[in-house]
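A.B. asks: Let me begin by handing over the structure; questions about it come next.
The values are calculated or read from the model by the stated rules, or taken from the named source; none is laboratory data. Just so it is clear, the structure is predicted and the values come from calculations on it, not from any experiment. Positions of Cβ are backbone-derived with ideal geometry, glycine not excepted, and every protein chain shown enters the neighbour counts. Keep in mind that these areas ignore ligands, DNA and RNA; they rest on the heavy atoms of the full protein, side chains included. Shrake-Rupley method; radii C 1.70, N 1.55, O 1.52, S 1.80 Å.
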Amino acid sequence: MHPSDSGGTDPAGTTGTTGSTAATGSEPYQDGNVLAGSLGEIFATDLTSASGTCAGCGLTGPVAELRVYSHAPGLVARCPRCDAVIMRLVRTPAAAWLDLSGATSLRIPLPAV
């Protein structure tokens, strides 16, 4: 954190650190802590109904249709068309790592409010 940063609050009431300017130098920004409420809402839902797009071939489809291999140290989900790795999920007793670098996007349906 930069010494001149100060605390801020997002619309969901999450506290984050406000920086002076964004990477472009023209817009104010907050640190990633302001994402806590929004990410908590998203990841509290069943992601198997989410729709992802493969970075390798462009196929778009539900996460439930990915081919998942569990014989690695974690779960590896591959595209059913081109076999590219879309997602990796590794869990330990203290943390989880989620790699979505093989997906260009992930559309997550939210429950009605």
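A.B. asks: One residue is enough: does the stretch 47-65 have a residue meeting the conditions in contact with an Asp or Glu (Cβ under 8 Å, 6 or more places away or on another chain) and part of a strand (DSSP E or B)?
C.D. replies: The answer is no, given that none of the residues of the stretch 47-65 is in contact with an Asp or Glu (Cβ under 8 Å, 6 or more places away or on another chain) and part of a strand (DSSP E or B).
A.B. asks: Given A44, A94, A12, A23, which one is more than 30 Å from A112 (Cβ to Cβ), open to solvent by 60 Å² or more (accessible area, probe 1.4 Å), modelled with pLDDT under 95 and under 20 Å from the mean Cα position of the chain (by Cα)?
C.D. replies: Details: A44 fails: more than 30 Å from A112 (Cβ to Cβ); A12 fails: more than 30 Å from A112 (Cβ to Cβ); A23 fails: under 20 Å from the mean Cα position of the chain (by Cα).
After applying the criteria, what remains is A94.
A.B. asks: Further question: Looking at (1) within 17 Å of L110 (Cα to Cα); (2) open to solvent by 70 Å² or more (accessible area, probe 1.4 Å); (3) β-branched (V, I, T), which one does V68 not meet, given that it meets all the others?
C.D. replies: (1)
A.B. asks: Could I ask something else about it? Pull up the stretch 47-65, narrow it to residues that are open to solvent by less than 50 Å² (accessible area, probe 1.4 Å) and in contact with a helix residue (DSSP H, G or I) (Cβ under 7 Å, 6 or more places away or on another chain), then point me to the one that is farthest from A103 (Cα to Cα).
C.D. replies: Here the residue is L47.
A.B. asks: Of everything in the stretch 80-98, what is farther than 21 Å from C54 by Cα and either assigned to a loop (DSSP other than H, G, I, E, B) or in contact with a helix residue (DSSP H, G or I) (Cβ under 8 Å, 6 or more places away or on another chain) (or both)? Give them in sequence order. Reasoning before the result, please.
C.D. replies: Narrowing the stretch 80-98 to residues farther than 21 Å from C54 by Cα: 91-96.
Matches in the stretch 80-98: T92, P93, A94, A95.
A.B. asks: I'd like the full set of residues that are more than 14 Å from L100 (Cα to Cα) and in a loop (DSSP other than H, G, I, E, B), limited to the stretch 66-79.
C.D. replies: Within the stretch 66-79, just P73 meets the criteria.
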